[in-house]
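Derivation of every value follows stated rules applied to the coordinates shown; laboratory data play no part. Quantities reported herein were computed from a predicted structural model and do not represent experimental measurements. Positions of Cβ are generated from backbone atoms using ideal geometry, with glycine treated the same way; all protein chains shown enter the neighbour counts.
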């Protein structure tokens with residue numbers, strides 16, 4: 001049994017558990033069953049736990065240190081979100097934040113945990129309708145509870161609560177039970193803890209690079225119009241092509257332009273539309289899972305509107321979400337391939353068809369030094385809507401484009417195969 005904290009009390013984790021490295025901060029709550037008919041259905045009360053990792057100035061040093069349901073992991077890998085519980089109907093913990101204290105970057109001195117009611121104003125909800133809310137800390141390796149704070153304050157109008165905070169003092173990690181209520185939403189915390197940061201200041205622990213004029217790349221032609229005599233085709237899984245960064249003239253200016261386009265190749269028929277729920281225009285997404293040379297990892301894709309960044313780490317950017325494939329498809333750019341370790345490009349069927357057998361997918365890579373590489377997704381598996389299409393790896397002074405074409409039943413299964421180690425949850429566009 002851990003220490004029972006009251007509002008405002010503090011607890012020294014490093015003193016009580018000097019060998020503690022992996023801690024979990026679990027939050028739980030219950031929806032009041034006696035809500036009147038004038039209020040929203042209690043089943044629809046969606047409460048979100050979010051985390052702000054702050055620097056010495058009380059601001060997040062990078063927008064990716066705001067960890068919540070649409071950004072499940074901090075760039076240093078120290079903070080991870082368990083996922084979005086939209087009902088609060090589970091027994092015990094509802095949402096959990098995992099913190100690896102050894103991985104917390106030196107730029108972070110405080111980690112703040114907040115809980116907000118999603119769409120509270122529209123649904124006429126507040127924390128007076130919440131019961132038995134708590135935050136507790138436990139050792140992930142032993143599952144032993146270290147400290148617990150039960151929210152006993154009566155909130156009549158508040159829609160957000162700053163529950164607690166982990167902070168460093170004299171090289172020791174401590175926890176404080178805050179319990180401060182606000183009549184506000186998640187955006188108010190974003191405004192409080194976020195400040196505009198110049199692009200060149202956003203990367204933590206990344207190699208220092210001078211600001212450069214990024215290359216302008218022309219859109220690739222539709223894949224069906226590739227001049228095969230000029231472009232290099234990767235025929236089968238495992239085929240690769242090497243590009244020497246040192247021969248680009250300026251490695252900082254070399255960029256990679258990846259394009260995914262597709263077209264429907266067979267009539268699905270009325271049976272598929274009526275009984276299998278497969279109908280409409282095929283909607284494929286281009287995305288990637290990336291790992292930088294400095295250890296930073298992430299995912300870029302239309303789901304969750306994670307489009308990356310042109311001017312700050314990871315220097316990988318998705319231009320848009322093409323829901324038809326009728327134009328030039330979707331385009332992704334790697335502006336600093338010299339900073340990557342690996343980038344796995346994938347195609348994901350969001351809607352319209354069941355698998356890649358009913359669409360003809362193609363990827364074209366245009367390098368800013370004039371080289372072109374393309375591949376076709378021509379050996380699909382049934383009932384698998386996720387294709388790991390290609391991998392780009394940096395090996396020494398070269399980048400290697402490799403045809404993968406491996407099919408999976410979703411992001412998580414593919415992640416397990418490639419070992420990126422992300423925490424996945426359901427999302428929509």
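Worth pointing out:
- Rounded if a/c under 1.5, otherwise prolate or oblate - the range 88-191, Cα gyration tensor axes: prolate
- Ordered by the number of other Cβ atoms lying within 10 Å of each residue's own Cβ, fewest first, 233, 168 fall into the sequence 233, 168.
- P(r) histogram, all alpha-carbon pairs of the range 3-197 included - 5 Å bins from 0, percent: 1, 8, 17, 21, 21, 15, 10, 5, 2, 0, 0
- Computing FRET efficiency as 1/(1 + (r/R0)^6) for residue 232 and residue 103, where r is the C-beta to C-beta distance and R0 is 30 Å, gives about 0.15.
- Residues 348, 420, 365, arranged from fewest to most other Cβ atoms within 10 angstrom of their Cβ, appear as 420, 348, 365.
- Likely footprinting exposure, 6, 22, 366, 297, fewest C-beta neighbours within 10 Å first: 6, 22, 297, 366
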